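This report concerns only the one structure given below.
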Amino acid sequence: MAKQKSKTSNIIVWALLGLLIVALAGFGVDSFGGSVRSIGKVGDREIRAQDYFVALQQAVRAEGERRGQPISFQQAREIGLDQQVLSQLVTRAALENETMRRNLSIGDDLVREEILAIPAFRGLDGEFDREAYRFGLQQQGLSESEFEEQLRFEVARAILQSAVAAGSPAPATFVDTVFGHARERRSFTALRLDPSDLAQPLPEASDADLQAQYEATPEAYTLPEARAITYAWIVPAMLMDTIEVDDVALRELYDTRAAEFIRPERRLVERLIFPTETAAQEARDRIEAGEADFDAIAAERGFDLDDIDMGDVTEADLGAAGPAVFALDGPGVTGPHDTPFGPALFRMNAVLAAQITSFEDALPELRDELAQDRARRVIADQIDLFEDLLAGGAELEELAETTDMVLGQIDFREDTREGIAAYTGFREAARAAREGAFAEIKVLDDGGLFALRLDRIVPPQLQPFDEVVVQVIEDWADAETERRLTAQAEDVRAALETGADPDGFGLSIEAVEGVQREGFVQGLPRSLISAAFAMQEGEVRVHAATDPDTGAPVVFVLLLDAVLAAETDTAEARMIIDSFSASVSQSVAADLFAYFARRLETEATVQINDGAVQAVHAEFR
């Protein structure tokens with residue numbers, strides 16, 4: 001009982017905290033002019049207009065955060081946010097109506113405990129503050145009795161929901177079947193034939209061969225649909241030659257980045273800490289005597305080399321051990337030395353010489369950085385100008401003629417990455433562009449700007465034979481190689497089916513043991529494993545594929561040796577089964593609750609006052 005009470009308490013506290021936070025955001029919208037307190041009811045339970053306003057406001061804000069920019073209420077309605085929120089409140093009201101019908105509630109003592117536990121109602125001394133309580137409720141437009149009634153409903157609803165969701169374990173047959181399918185294994189032998197195994201060299205393709213290849217696979221030579229786009233853009237690189245950088249600014253930048261240009265001598269060092277000076281000295285003595293090396297002692301102490309690696313450090317980084325470590329001319333061990341963590345041995349693995357880049361040598365990099373920065377600022381200062389020109393009706397061509405922006409055209413496809421299409425921002429805008437839409441100034445990752453216009457959609461186009469003849473020759477060679485290898489593989493398959501020894505064909509053989517359905521075998525195409533799972537034990541099959549390493553055609557003669565059931569008695573398997581079972585159980589519980597809620601809504605009378613709903617919507621405009 002105490003455990004249930006604690007769980008309920010946590011639910012209430014967080015629910016009310018969330019309610020308080022979002023309610024404060026709705027401050028000033030109280031009763032919607034004093035005439036609208038409810039937007040409807042389910043059975044005997046009303047849906048407060050204030051609750052709808054707060055929930056809708058929260059949903060709009062959350063969607064804006066998800067998109068990375070605020071959205072208007074009109075946009076929220078276009079994607080159905082208002083209907084989603086209303087549906088959630090109807091479901092909540094249906095549940096609360098059911099708790100009323102079943103007389104589910106909590107006593108005054110528990111209500112008092114929950115109120116006292118809410119941090120928002122505490123004063124500076126950490127104790128319950130009645131003024132904070134009254135103020136918080138005032139912001140929600142609630143009286144104390146209304147809030148306490150709401151609290152009772154929250155708890156009762158949670159009790160009802162828990163009762164519906166409880167006792168819905170995952171069906172064992174379902175879990176076992178799915179797990180058995182997913183983790184079933186195959187053992188197979190694969191004989192490999194690649195272009196080097198061709199019985200005869202591949203002849204040169206005739207014109208007729210190539211024409212047949214071109215006509216048989218037109219999709220390989222067809223350009224996908226494109227978006228013909230005109231754009232105007234300007235990026236910092238376009239202005240670099242016009243930007244002047246003074247020597248004072250260059251010197252200041254060099255001084256600011258001195259740590260990059262002036263790097264003192266460093267060492268690659270590992271540090272092994274011991275509990276006592278004696279233990280550290282004993283370890284050093286063993287190293288000196290050749291009884292153990294540094295790595296072995298680290299392993300004895302339970303450390304991996306990653307645990308003790310300090311990376312490249314300066315003498316100052318090593319504290320008291322610095323002089324001794326930097327006195328080493330080559331790799332070696334020194335210590336024990338005191339450290340903040342205890343006595344330690346240090347192993348120096350390499351000397352990194354000091355690196356000094358003079359001001360003169362750094363000038364090209366410094367000048368480029370300053371010029372880039374100033375070019376970005378020059379471009380940023382022109383945003384208003386570009387936007388005003390577009391707002392005044394200027395076309396992109398005019399924008400390019402009257403400003404520093406450059407005009408361009410591109411047939412944009414999903415695989416286009418040249419020029420301006422190398423920018424993610426442009427690709428996203430190109431995908432979203434609509435014919436006739438107003439051109440807008442948008443920002444690129446490097447501080448550049450662009451605006452675009454979708455001129456037309458270019459349908460898929462079959463490229464002329466002469467323009468793709470090289471690809472056609474390569475495709476014919478691959479197809480003919482696969483055809484010939486497949487014919488040879490069929491002879492091997494027939495021999496294997498009559499009992500021939502796989503080792504007798506002089507082919508490369510891969511024996512795979514117990515691979516899972518989603519497994520991976522280095523050097524073998526993924527499709528070969530899928531083919532093995534479509535076979536019966538003892539079956540022999542020819543499978544053509546593409547070599548995952550070279551991209552060349554390759555053909556396998558596949559012999560399925562064994563079908564192995566999923567392992568269920570290992571710790572890993574048990575963990576996967578338990579996790580999957582819990583996930584299924586949660587899904588079943590969620591479905592049961594959804595069906596239950598829909599049934600309650602159907603049985604109760606749902607009444608929505610559209611005028612009241614519109615009154616709430618008016619507060620967003």
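Only the coordinates and a few stated rules stand behind these numbers; no lab work does. Quick caveat, the model's predicted, so the values are computed rather than measured. No Cβ is skipped: glycine too gets one built from the backbone with ideal geometry, and neighbour counts run over all protein chains shown.
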>> Going by Cα centres, the stretch 347-413 and the stretch 545-569 are how many Å apart?
In response: 51
>> Given contacts defined as C-alpha pairs under 8 Å and at least six residues apart, what's the relative contact order of the stretch 50-185, whole-number percent?
In response: 20
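Antiparallel versus total DSSP beta bridges in the chain: what percent is that, nearest 5?
Rounded to the nearest five, the antiparallel share is 100 percent.
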> What does the helix-only formula give at 222 nm for the chain: each DSSP H stretch with n ≥ 4 adding -39500 (n - 2.57), the total divided by the residues, and the result rounded to the nearest 500 deg cm²/dmol?
Replying inline: -15500 deg cm²/dmol
>> Tell me the net charge near Leu370. Cut-off is 13 Å between Cβ atoms, Leu370 excluded, with +1 for each Lys or Arg and -1 for each Asp or Glu.
In response: -2
> In the stretch 86-168, what GluC sites (Glu not before Pro) fall in a loop by DSSP, with at most 13 other Cβ atoms inside 10 Å?
Replying inline: Glu127
> Around Ala170, with a cut-off of 13 angstrom between Cβ atoms, what is the net charge of the other residues, counting Lys and Arg +1 and Asp and Glu -1?
Replying inline: -3
> So if R0 is 22 Å, what FRET efficiency would Ala320 and Arg286 give, r being the distance between their Cβ atoms, rounded to the nearest 0.05?
Replying inline: 0.45
> Within a Cβ distance under 14 Å of Leu485, other residues only, what is the Lys/Arg minus Asp/Glu net charge?
Replying inline: -4
> What GluC sites (Glu not before Pro) in the stretch 424-488 are in a loop by DSSP, with at most 16 other Cβ atoms within 10 Å of the Cβ?
Replying inline: Glu435, Glu440
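Starting with the highest mean, order 376-388, 494-506 by the number of other Cβ atoms within 10 Å, averaged over the residues of each peptide. Provide the component values of the computation, followed by the final result.
Details: 376-388: 14.4, 494-506: 12.0.
By packing density, highest mean first, the sequence is 376-388, 494-506.
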>> Taking the beta-carbon count within 10 Å as an exposure proxy, list Tyr595, Tyr423 from fewest neighbours to most.
In response: Tyr595, Tyr423
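Return Ser145, Ser187 ranked ascending by Cβ neighbour count within 10 Å, so the fewest neighbours appear first. Don't skip to the answer; put the middle values down first.
Values: Ser145 9, Ser187 17.
So the ranking, lowest neighbour count to highest, is Ser145, Ser187.
Using unit Cβ charges (K, R positive; D, E negative) and no other charged atoms, how large, in debye to the nearest 20, is the dipole of the chain about its Cα centre?
Charge dipole, the chain, about its Cα centre: 3580 debye, nearest 20.
What is the Å³ per residue value for the convex hull set by the Cα atoms of the stretch 265-353?
Numbers: hull volume 7.4 nm³, N = 89.
For the stretch 265-353, the hull spanned by Cα atoms encloses 83 Å³ per residue.
Which whole-number percentage describes the relative contact order of the chain, with Cα contacts under 8 Å and a sequence gap of 6 or more?
Numbers: 812 pairs, mean separation 154.0, N = 621.
That works out to 25 percent.
Equivalent-ellipsoid semi-axes (√(5λ), Cα gyration tensor) for the chain, whole Å, largest first? List each step's numbers first, then the result.
Working: eigenvalues 603, 385, 358 Å².
Over the Cα atoms of the chain, the semi-axes work out to 55, 44, 42 Å.
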> Can you sort Thr481, Thr424 so the residue with the fewest Cβ neighbours within 10 Å comes first?
Replying inline: Thr424, Thr481
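For the stretch 265-353, what is the relative contact order in percent, using Cα pairs closer than 8 Å and at least 6 residues apart in sequence?
Details: 146 pairs, mean separation 42.2, N = 89.
It comes to 47 percent, rounded to a whole number.
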